[in-house]
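Undergrad: Mind looking over this structure? Questions follow.
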Amino acid sequence: MLSLTLVDVSFNQLEGPIPKMKAFREAPFEALKGNKGLCGNATGLKTCLAKMNNGVAKKKSNRVVLLIVLLFGFLFLSLMVVGVVLLIFCKKSRNTKNEPRQVNNENFFEIWSYDGKMVYESIIEATKNFSTKHCIGEGGCGTVYRAALTSGQVVAVKKLHVSPDGDLANLKGFTSDIRALTKIRHHNIVKLYGYCSHRRHSFLVYEFLEGGSLGKILSKEGHVLYFDWIKRVNVVKDVANALSYMHHDCSPTIIHRDISSKNVLLDLESVAHISDFGTARFLKPDSSNWTSFAGTFGYTASELAYTMEVNERCDVYSFGVLTLDVIMGKHPGDLIYSLSSSSSSSSSTSTVHGILLKDVLDQHLAAPENQVAEQVFVVAQLAFECSQANPLSRPTVRQVAMKLSDDRRSHLQNEFHMITLGQLISTTQPLEYLPSILGLYVVLVFHFLLRLFNFNPPF
């Protein structure tokens, strides 16, 4: 208050030195009297002792020192906190950079997107540049190899065929497989680890399933003996669960279009996995979903002879044929043909429908008994329902999966060895839905001619 000119602090019991200001120094005695012990350079006041001045100065000095110490302490603590945070961040960043090499020792494909070149080189080395010695199977669009990587992991590598001009022979199938398997996750569908698209080598990398394909197991007599009725029933359940997931739990719906024994793989515990999604299609709600013919002869639905519309019932038919394949131990072509033929001939109907179920089942195994017999009966019944020629008479695969998972026992009306095929078949297929071999032949010839003249069909 440097502009202060007049003060009056009389009779306030004040003590200590007065401020060194003009207003106090020139103040009359009356303005300062009545206090306990004011001192200073003013009229009527005693001179302040040096000790008092030093005490006040010392107190002020101590306060300044304390303030400075607190300020520097706060700054030091702040720097320490910032340093620790930066140290942790840098350490985490270094660990992230080193992670691909560390994970690589356990599982190459957890870091596929980080170090694809190293994985590519490892696969080339593991297959000896795709030597026939490592070949475990061959299909229409590629050859499958077993690759034991340096990490100890074993994978299946499907190398795509290359046309003479250097392009992929089945680029559409290659992209379909990738697109389908990157969108779905199910324990009964084979896992896709990664892929490589290159002019020299284009391939897909899957999990390796030691059990091999269902087709090979059914074709080898030694394997069939270990493939008992319980394992067969469980394989049918696994395939039904996978298809139910694809048809009813995926958006958009995925149609496999090639359900067959060669495209069902088993692990060492006989758990089934659907593989090969090269012909898979995503159903578009606002589209007609017409396409060219795809699938394996003997497993494709009969209506594909005169229509190329993709829908869930095509997979259901293939599932029905596959299920008969599993319980019969061979492809049911003759049986399906006989059942279809009996629809148009009343004289042969009683003969075919009178065949005993036990005589149709795989004769390498003893006939099922008790609860196992009941499960085989349900599986056989569903197989015939799914493989009906009339697509509208087939159940959905979700209905099939639910019935297979039902733990309630279905008591057989007759002894298992007395059950006939007629008791399994509840409906008779109308003539208009019988397989048309001629129609299918015409469609395939038409499609072949379009391909021959390098014209892609509009469906």
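The values are calculated or read from the model by the stated rules, or taken from the named source; none is laboratory data. All figures in this text were calculated on a predicted structure; none of them were measured in a lab. For neighbour counting, all protein chains shown are included, and Cβ atoms are generated from backbone atoms with ideal geometry for every residue, glycine included. Keep in mind that these areas ignore ligands, DNA and RNA; they rest on the heavy atoms of the full protein, side chains included. Shrake-Rupley method; radii C 1.70, N 1.55, O 1.52, S 1.80 Å.
Undergrad: From the set of residues in the stretch 164-212 that are among the hydroxyl-bearing types (S, T, Y) and modelled with pLDDT of 85 or more, which is surrounded by the most Cβ atoms within 10 Å (Cβ to Cβ)?
TA: Y206
Undergrad: Regarding L335, is this residue modelled with pLDDT of 90 or more and of a type in the set (A, V, I, L, M)? First the steps, then the outcome.
TA: Details: modelled with pLDDT of 90 or more: no; of a type in the set (A, V, I, L, M): yes.
Criteria not met by L335.
Undergrad: Same structure, new question: Which of the following residues is hydroxyl-bearing (S, T, Y), touching a strand residue (DSSP E or B) at 6+ places or on another chain (Cβ under 8 Å) and modelled with pLDDT under 85: Y114, Y120? Can you show your working first?
TA: Numbers: Y114 fails: touching a strand residue (DSSP E or B) at 6+ places or on another chain (Cβ under 8 Å).
Of Y114, Y120, the one residue that is hydroxyl-bearing (S, T, Y), touching a strand residue (DSSP E or B) at 6+ places or on another chain (Cβ under 8 Å) and modelled with pLDDT under 85 is Y120.
Undergrad: So, in the stretch 144-153, exactly how many residues are touching a helix residue (DSSP H, G or I) at 6+ places or on another chain (Cβ under 9 Å) and within 17 Å of L209 (Cα to Cα)?
TA: Here the count works out to 6.
Undergrad: Scan the helices (runs of 4 or more DSSP H) fully inside the stretch 347-437 and keep the ones with 3 or more residues being closer than 30 Å to H223 by Cβ, over 32 Å from the mean Cα position of the chain (by Cα) and at pLDDT 90 or above.
TA: By residue number, 357-360, 370-386.
Undergrad: Related question: What are the pairs, 6+ residues apart or on separate chains, where a residue within the stretch 351-369 that is at negative phi and open to solvent by 80 Å² or more (accessible area, probe 1.4 Å) has its Cβ under 9 Å from a residue that is part of a helix (DSSP H, G or I) and at pLDDT below 90?
TA: Correct list of pairs: T351/S338; T351/S342; H364/E221; H364/V224; H364/L225; E369/F416.
Undergrad: Something else now. Could you tell me which residue of the stretch 264-304 is modelled with the lowest pLDDT, considering only residues that are among the charged types (D, E, K, R) and over 19 Å from T175 (Cβ atoms)?
TA: Result: D286.
Rundown of residues vs (1) modelled with pLDDT of 80 or more; (2) of a type outside the set (V, I, T); (3) out of contact with any Phe, Trp or Tyr (no Cβ under 9 Å at 6 or more places or on another chain); (4) on the phi > 0 side of the Ramachandran plot, yes/no style:
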{"residue": "P28", "(1), (2), (3), (4)": "yes, yes, yes, no"}
{"residue": "L49", "(1), (2), (3), (4)": "no, yes, yes, no"}
{"residue": "K58", "(1), (2), (3), (4)": "no, yes, yes, no"}
{"residue": "N62", "(1), (2), (3), (4)": "no, yes, yes, no"}
{"residue": "V69", "(1), (2), (3), (4)": "yes, no, yes, no"}
{"residue": "L79", "(1), (2), (3), (4)": "yes, yes, yes, no"}
{"residue": "C90", "(1), (2), (3), (4)": "no, yes, yes, no"}
{"residue": "E106", "(1), (2), (3), (4)": "no, yes, yes, no"}
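Undergrad: Further question: Could you please give the count of residues in the stretch 140-163 that are over 15 Å from S202 (Cβ atoms) and modelled with pLDDT under 70?
TA: 1
Undergrad: Follow-up. Being under 29 Å from the mean Cα position of the chain (by Cα), free of Cβ contacts under 8 Å to residues at least 60 places away in the same chain and open to solvent by 60 Å² or more (accessible area, probe 1.4 Å) is the filter here, so list the residues in the stretch 214-238 that pass it.
TA: K216, K231, N234 - these are the residues of the stretch 214-238 that are under 29 Å from the mean Cα position of the chain (by Cα), free of Cβ contacts under 8 Å to residues at least 60 places away in the same chain and open to solvent by 60 Å² or more (accessible area, probe 1.4 Å).
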